[in-house]
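Participant: Sharing a structure here in structure tokens format.
The values are calculated or read from the model by the stated rules, or taken from the named source; none is laboratory data. All figures in this text were calculated on a predicted structure; none of them were measured in a lab. Backbone-built Cβ (ideal geometry, glycine too); neighbour counts: all protein chains shown. Please note that ligands, DNA and RNA were not included when accessible areas were found on the heavy atoms of the full protein model with its side chains. Shrake-Rupley method; radii C 1.70, N 1.55, O 1.52, S 1.80 Å.
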Amino acid sequence: MKYVFLLFYYGILQHFPATDNNLPIRNFVRKLRSWCAGKLFDAHGKNINVEKGADFGTGNGIRIGTNSNLGINCKIRGPLEIGEDVMMGPNVIIITSNHKHDDVNQHMIYQGYYPPRKGYNRR
């Protein structure tokens, strides 16, 4: 079923107009694109917004919090955890290769990765 959502998103929804305008279909486009992307992410909060051209691969390893936004033409790859109330501008790229480097006696490439976290607003 995931392949159906991937095909629907990348084949059709990714190309729908951005929602930063006053088009009558703005809210419908926003809800449809975000609903489909939410089916592909590992987890998502309420009221997420996925803009036109957003590229998130297969969605594996991606968690996005409530009221957060993937900006126009952004590119992200998991594992990535985006907190609540995060606004991502257009053309942002987040590629998650955060190498561990704790062991000075071992090459960094063999130590694995730290999962990145973006936008954690502790209240």
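Participant: On C-alpha positions alone, give me the angle between the axis of helix 2-11 and the longest principal axis of the chain, in degrees, nearest 10.
Facilitator: 60 degrees
Participant: Excluding same-chain residues fewer than 8 positions from K100, which aspartates and glutamates have a Cα within less than 17 Å of its Cα?
Facilitator: Cα-Cα hits under 17 Å: none found.
Participant: Could you list which residues have their amide H under 5 Å from that of H44, counting only those 5 or more apart in sequence or on another chain, with H placed in the peptide plane?
Facilitator: I64
Participant: Within the chain, what percent of beta bridges assigned by DSSP are antiparallel, to the nearest 5?
Facilitator: 5 percent
Participant: Give the long-range amide H neighbours of I94: residues separated by 5 or more places, or on another chain, with amide H under 5 Å away, using H modelled in the peptide plane at 1.01 Å from N.
Facilitator: The answer is K75, I76, R77.
Participant: Also: Would you kindly state how much longer the chain becomes between D85 and M1 on full extension, computed as 0.36 nm times their sequence separation minus their alpha carbon distance, in nm to one decimal?
Facilitator: 27.3 nm
Participant: Enumerate the amide H contacts of N49 below 5 Å, restricted to partners 5 or more residues apart or on another chain; note that Pro and chain-start residues carry no placed amide H.
Facilitator: Close amide H contacts, sequence-distant or interchain: S68, N69, L70.
Participant: Just to be sure I understand: with springs between alpha-carbon atoms less than 10 Å apart, which residue in N47, N27, N67 has the highest mean-square fluctuation in the Gaussian network model of the chain?
Facilitator: N27
Participant: With charges set only on the Cβ (+1 for Lys and Arg, -1 for Asp and Glu), what does the dipole of the chain come to about its Cα centre, in debye to the nearest 20?
Facilitator: That gives the chain a dipole magnitude of about 380 debye.
Participant: I need the shape label for the chain. Rule: rounded when a/c is under 1.5, else prolate if a/b > b/c, else oblate, with a, b, c from the alpha carbon gyration tensor.
Facilitator: Prolate.
Participant: Within the set of other residues whose C-beta is less than 15 Å from the C-beta of G53, count the net charge using Lys and Arg as +1 and Asp and Glu as -1.
Facilitator: +1
Participant: Can I ask one more? Per residue, how large is the accessible surface of the chain? Use a 1.4 angstrom probe and give square angstrom.
Facilitator: In whole numbers, the chain has 63 Å² accessible per residue.
Participant: Can you check what the net charge comes to around R26, using other residues whose Cβ is under 13 Å from the Cβ of R26 (Lys, Arg +1; Asp, Glu -1)?
Facilitator: +2
Participant: Residue-wise, which Karplus ³J(HN,Hα) couplings in Hz belong to segment 38-53, taking 6.51 cos²θ - 1.76 cosθ + 1.60, θ = phi - 60°, and x for glycine or proline?
Facilitator: With coefficients 6.51, -1.76 and 1.60, one gets x, 5, 9, 6, 5, 7, 8, x, 7, 6, 7, 10, 10, 8, 3, x Hz.
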